[in-house]
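No value in this document is a laboratory result; all are computed from the given coordinates. Keep in mind the model is a prediction, meaning the values are calculated, not measured. Cβ: placed from backbone, ideal geometry, glycine included. Neighbour counts: every protein chain shown.
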Amino acid sequence: MLKSAPQSDRLCTKELFGKSSKSGKIAVVCSSWFGVGFLPGAPGTAASAIAVPLAFFLKRLGFWQECGFLAALLLIAFWACGRAWRMAEKDDPQWIVIDEVIGLLLTFLALRVGIQDLVIGFILFRIFDILKPYPVGKMERLPGATGILMDDVLAGVYANLCLRLFQLIG
């Protein structure tokens with residue numbers, strides 16, 4: 001019986017995880033957003049959905065704390081994604097989902113948010129992340145951690161700008 005690509009991707013990563021050093025294991029845990037990337041189905045959507053409460057919480061901390069958290073997470077993500085990418089030996093493995101978390105958090109950066117904004121922002125981010133309008137798709141083709149992260153960063157910026165527009169109009 002043949003396995004689907006995401007399933008075999010997860011199985012290969014499980015084997016890699018078992019054989020890797022402590023820093024390799026940390027990279028897999030971080031880049032998979034604590035295992036969310038190994039959920040069956042749509043792990044990117046799952047990671048984005050799980051990030052919504054985090055975005056709501058960050059709003060309560062204040063703008064500079066939100067920026068500090070995002071900057072720290074981005075630094076961790078560049079390291080973890082680069083390490084995990086080299087371990088997986090595959091462009092943008094489906095189980096690396098920390099990029100979706102960062103993109104979702106960027107969607108709400110420096111915006112007021114209520115429940116409606118969280119739902120609209122989530123939908124906007126997923127649309128931009130899936131459809132990859134120019135130049136989001138070009139970012140994805142960059143090598144390594146840069147390609148993994150920058151398409152979602154840009155999708156988050158697009159979603160943020162659209163959400164700002166909706167808030168201005170509404």
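With respect to the cross-link table entries 19/132; 25/90; 19/90; 19/138, which display a Cα-Cα separation exceeding 25 Å?
As for pairs spanning more than 25 Å Cα to Cα, those are 19/132; 19/138.
So for 104, 74, 58, fewest C-beta neighbours within 10 Å to most, what's the order?
74, 58, 104
Of all the C-alpha pairs in the chain, what % are more than 26 Å from each other? Walk me through the intermediate numbers first.
Details: 3825 of 14365 pairs.
That tail contains 27 percent of the Cα-Cα pairs.
Put a dot 7 Å past each Cα toward the Cβ at residue 69 and residue 116; how far apart are the dots in nm?
According to this spin-label approximation, the distance is 2.4 nm.
From the phi of every residue in the range 138-145, what ³J(HN,Hα) in whole Hz does the Karplus formula 6.51 cos²θ - 1.76 cosθ + 1.60 yield, where θ is phi - 60° and glycine or proline is x?
After applying 6.51 cos²θ - 1.76 cosθ + 1.60, I find 5, 4, 4, 7, 5, x, x, 4 Hz.
Starting from the Cα gyration tensor of the range 115-155, take the square roots of the eigenvalues, sort them a ≥ b ≥ c, and report rounded, prolate or oblate (rounded when a/c is under 1.5, otherwise prolate if a/b is larger than b/c, else oblate).
Taking the square roots of the gyration eigenvalues as a ≥ b ≥ c, the range 115-155 is prolate.
Using the Cα centre of the chain as the reference point, and only Cβ charges (+1 on K/R, -1 on D/E), how large is the resulting charge dipole? Debye, rounded to the nearest 20. It would help to have the intermediate numbers written out before the result.
Working: 17 positive and 13 negative charges, 61 e Å.
Once rounded to the nearest 20, the dipole reads 300 debye.
Just name one of 49, 27, 146: the one whose Cα is farthest towards the positive end of the charge dipole of the range 1-155 (beta-carbon charges, Lys/Arg +1, Asp/Glu -1).
27
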